[in-house]
Amino acid sequence: MVFSSTNVFGWPQLVITVRARNCVGGDSLRGYAVVALPTTAGEREMSSPIIRPRAATLLGEWLAWLTGRYPELAEPKMLASGKENYLLRTESYGSVVLKVSMVSKDFRKLGYDNEPPVCTGQCKTSTM
């Protein structure tokens, strides 16, 4: 994937939908995870919690448990905006681990310095 922008406002985020096969052969929602991409170049391993929407009523909760089909968001990208998320009833459903390799280009032309500091002179390195 390639993301481009002329400013860091609304930095790219990934909204991940996790699905799995259920016992009746169909697929069902396991949950959603939102990961903000790192702003500096390099390889990273990031973890994000998986959240699953809960039904609004006790009957809906019972039907979800019975059928294995949980409520789904009509627009999962709403999770990245942060708006109206307070209206959601969710539960935790584990986590997802993501390995990404970021490359940045022309940040300095736009006035941003996202490179890690370069050590000049006497630098201490720790070995653990």
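Bear in mind these aren't lab numbers, they're just calculated from the coordinates by the rules spelled out. Just so it is clear, the structure is predicted and the values come from calculations on it, not from any experiment. Here the Cβ positions follow ideal geometry from the backbone for every residue, glycine too, while neighbour counts run over all protein chains shown.
Amide hydrogen proximity for M102: with H placed 1.01 Å from N in the peptide plane, the residues at 5 or more positions away or on another chain lying under 5 Å are G42, E43, R44. The stretch between L88 and A36 holds 16.7 nm of extra length on full extension. This uses 0.36 nm per residue minus the Cα-Cα distance. Residues within the reach of a label modelled at W65 (point 7 angstrom out along Cα to beta-carbon, backbone nitrogen below 15 Å), restricted to segment 24-58, are 54-58. Spin-label model, S81 to S28: label points 7 Å out along the Cα-to-beta-carbon direction sit 3.0 nm apart.
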